[in-house]
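Single-structure report; data block below.
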Amino acid sequence: VDLNFIHGHAKGILEASPISYLKAAQPKGMLFQENCNNGVVSSVFTKFYVDHAEPLAVLEQYKLKGQWCLGELLDGHEFLTIFPIAPVSLIMPMGQINY
């Protein structure tokens, strides 16, 4: 996970989103806020208050192995991660499409 890439692109991607709650959402965590000391690295406040107990229990296993870099997940937030991808042609011959 490239935290520098997330930091550099999150705001623009969120603002360009056609999904209204993402368009208005603000990125949160150490990547986006000075003096952030709540353990969050990269998240977005979606105001979706869902039960994260089961996925967070599984996530604990990754944290114990040192395999997690996005920090904590606060109530009403979702993790924010963005990955670079290679450009894709809008017109691709049928023989080149992998199903």
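The values are calculated or read from the model by the stated rules, or taken from the named source; none is laboratory data. Computed from a prediction, not measured in an experiment: that's the story for all the values here. Backbone-built Cβ (ideal geometry, glycine too); neighbour counts: all protein chains shown. Quick note on the areas: whole protein, heavy atoms, side chains included, nothing else; ligands and nucleic acids left out. Shrake-Rupley method; radii C 1.70, N 1.55, O 1.52, S 1.80 Å.
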Practice problem: Mind checking segment 31-82 for chymotrypsin sites (Phe, Trp or Tyr not before Pro) that DSSP puts in a loop (not H, G, I, E or B) and that have at most 13 other Cβ atoms within 10 Å? | Solution: Y49
Quiz item: If you take the beta carbon distance between F83 and E34 as r and set R0 to 41 Å, what does 1/(1 + (r/R0)^6) give as a FRET efficiency, to the nearest 0.05?
Solution: 0.95
Quiz prompt | Mean accessible surface per residue for the chain, computed with a 1.4 Å probe while every protein chain stays in place, in Å² | solution = 75
Self-check item: Overall form of the chain per C-alpha gyration tensor (a/c, 1.5; a/b vs b/c)
Solution: prolate
Quiz item: Roughly what angle does helix 3-16 make with the longest principal axis of the chain, taking Cα atoms, 0 to 90 degrees, to the nearest 10?
Solution: 70
Exercise. Only residues of segment 35-52 count here: report those whose backbone N is under 15 Å from the spot 7 Å along Cα→Cβ of E60, or say none.
Key: 52
Quiz prompt | Carbon and sulfur %, accessible surface of the chain computed with the full protein complex present, 1.4 Å | solution = 59
Quiz item: Helix 53-64 versus the longest principal axis of the chain: what is the Cα-based angle in degrees, 0 to 90, to the nearest 10?
Solution: 90
Quiz item: What full-extension length gain, to one decimal in nm, is calculated for C69 and I13 as 0.36 nm per residue of separation minus the Cα-Cα distance?
Solution: 18.1 nm
